[in-house]
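Colleague: Before I ask anything, here is the structure I am working with.
The values are calculated or read from the model by the stated rules, or taken from the named source; none is laboratory data. From a predicted model like this one, the values you see are computed outputs, not experimental measurements. Heads up, the Cβs are rebuilt from the backbone with ideal geometry, glycines too, and the neighbour counts pull from every protein chain shown.
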């Protein structure tokens, strides 16, 4: 969420491609954007809509839709910025998606891209999938890989950043282990609730990451501008 400081604020259009639980869509909407969050999972879309309504947000300015990321052009819409966090590593045709982003952005529009770092320690229980089934298809990317992928589609990288250090990863791994081992077989709502309480309790420890070396971070971020 620290990366949301790079989002554009004001009355502009934002696409959250691979919106997950909708956290970044809500944040962009709070910043004045008109947001469309897309996800391939109908259950997640329903939960996003329900939580948006619980927050009392305007449904006309924060919308969620089940949509395949490879079919972005069928949205028939242009955007001022695109958020794509923790999604690209799940996709087989990642370069194709970058090309689609370039076509959907208005001239001078921004792409916010965040993925795991290639040279990192895997998550607890992480497995690399040889097929596109929702799992990670690759460990991640480097800034050099991003530079090449983005420049090929007419983007210029203007910001680089890193987030989630080793302490944060340790806390996340504890939550994953708790859910996968001692709580395995419990109802999902209980597993998620207990894991969430653990993460909330240990959250202050993650501030230690601010004092660690950058190359130990788990995720990398780039902001890229599509050329006019």
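Colleague: Return a yes/no flag: does region 160-167 have any residue that is in contact with a strand residue (DSSP E or B) (Cβ under 6 Å, 6 or more places away or on another chain), crowded, with 16+ Cβ neighbours inside 10 Å and at pLDDT below 85. Please lay out each step first, then the result.
Modeller: Taking region 160-167 first, the residues in contact with a strand residue (DSSP E or B) (Cβ under 6 Å, 6 or more places away or on another chain) are 160-164.
This time we only want the ones that are crowded, with 16+ Cβ neighbours inside 10 Å, so: 161-164.
Pick out the ones that are also at pLDDT below 85 and you get 164.
Within region 160-167, one or more residues are in contact with a strand residue (DSSP E or B) (Cβ under 6 Å, 6 or more places away or on another chain), crowded, with 16+ Cβ neighbours inside 10 Å and at pLDDT below 85.
Colleague: Do you know which of the residues in region 22-40 that are free of Cβ contacts under 8 Å to residues at least 40 places away in the same chain and in a strand (DSSP E or B) is farthest from residue 105 (Cα to Cα)?
Modeller: Taking the candidates together, the pick is 39.
Colleague: Here is a follow-up. Could you tell me whether region 105-113 includes any residue that is surrounded by fewer than 20 Cβ atoms within 10 Å (Cβ to Cβ) and closer than 22 Å to residue 42 by Cα? Outline the logic, then answer.
Modeller: Within region 105-113, the subset surrounded by fewer than 20 Cβ atoms within 10 Å (Cβ to Cβ) is 106-108.
With the extra rule that they be closer than 22 Å to residue 42 by Cα, the set shrinks to none.
Checking region 105-113: not a single residue is surrounded by fewer than 20 Cβ atoms within 10 Å (Cβ to Cβ) and closer than 22 Å to residue 42 by Cα.
Colleague: So, of the residues in region 101-116 that are assigned to a helix (DSSP H, G or I) and farther than 17 Å from residue 222 by Cβ, which turns out to be nearest to the chain's Cα centre (by Cα)? It would help to see each step written out before you state the result.
Modeller: Pass one, region 101-116, residues assigned to a helix (DSSP H, G or I): 101-104.
Checking which are farther than 17 Å from residue 222 by Cβ leaves us with 103-104.
On the way: 103: 20, 104: 18 Å.
Of everything passing the filter in region 101-116, 104 is nearest to the chain's Cα centre (by Cα).
Colleague: Hey, another quick one. Restricting attention to region 32-46, and to residues there that are crowded, with 16+ Cβ neighbours inside 10 Å and out of contact with any strand residue (DSSP E or B) (no Cβ under 6 Å at 6 or more places or on another chain), which single residue is farthest from residue 82 (Cα to Cα)? Steps first, answer last, please.
Modeller: Residues of region 32-46 that are crowded, with 16+ Cβ neighbours inside 10 Å, as a first pass: 33-39, 44-45.
Right, trim to out of contact with any strand residue (DSSP E or B) (no Cβ under 6 Å at 6 or more places or on another chain) and you get 39, 44.
Working: 39: 14, 44: 19 Å.
Ranking the candidates gives 44 first.
Colleague: Looking at (1) assigned to a loop (DSSP other than H, G, I, E, B); (2) exposed (fewer than 15 other Cβ atoms within 10 Å of the Cβ); (3) touching a residue at least 12 places away in the same chain (Cβ under 8 Å), which one does residue 65 not meet, given that it meets all the others?
Modeller: The number of the failed condition is (1).
Colleague: Run residue 59 past the list (1) under 25 Å from residue 162 (Cβ atoms); (2) part of a loop (DSSP other than H, G, I, E, B) and report the number of the one that doesn't hold.
Modeller: (1)
Colleague: Out of 131, 97, I need the residue that is in the same structural domain as residue 10 (by TED's automatic domain parsing) and surrounded by 14 or more Cβ atoms within 10 Å (Cβ to Cβ). Which one? Steps first, answer last, please.
Modeller: Values: 131 fails: surrounded by 14 or more Cβ atoms within 10 Å (Cβ to Cβ).
The match here is 97.
Table: residues versus (1) in a helix (DSSP H, G or I); (2) within 22 Å of the chain's Cα centre (by Cα).
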| residue | (1), (2) |
| --- | --- |
| 147 | yes, yes |
| 150 | yes, yes |
| 160 | no, yes |
| 172 | yes, yes |
| 175 | yes, yes |
| 183 | no, no |
| 193 | yes, yes |
| 196 | yes, yes |
| 200 | yes, yes |
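Colleague: For region 1-21, how many residues are assigned to a loop (DSSP other than H, G, I, E, B), within 20 Å of residue 134 (Cα to Cα) and modelled with pLDDT of 95 or more?
Modeller: 2
Colleague: If a residue has to be buried (at least 19 other Cβ atoms within 10 Å of the Cβ) and over 23 Å from residue 44 (Cβ atoms) to count, how many in region 172-190 make the cut?
Modeller: Final tally of qualifying residues: 0.
Colleague: For residue 72, are the conditions met, namely being at pLDDT 95 or above, buried (at least 18 other Cβ atoms within 10 Å of the Cβ) and not in a strand (DSSP E or B)? Break it down stepwise before answering.
Modeller: On the way: at pLDDT 95 or above: yes; buried (at least 18 other Cβ atoms within 10 Å of the Cβ): yes; not in a strand (DSSP E or B): yes.
Judged against the criteria, residue 72 is a match.
Colleague: For region 117-145, give me each residue that is modelled with pLDDT under 95 and assigned to a strand (DSSP E or B).
Modeller: Residues satisfying the conditions are 117, 128, 136.
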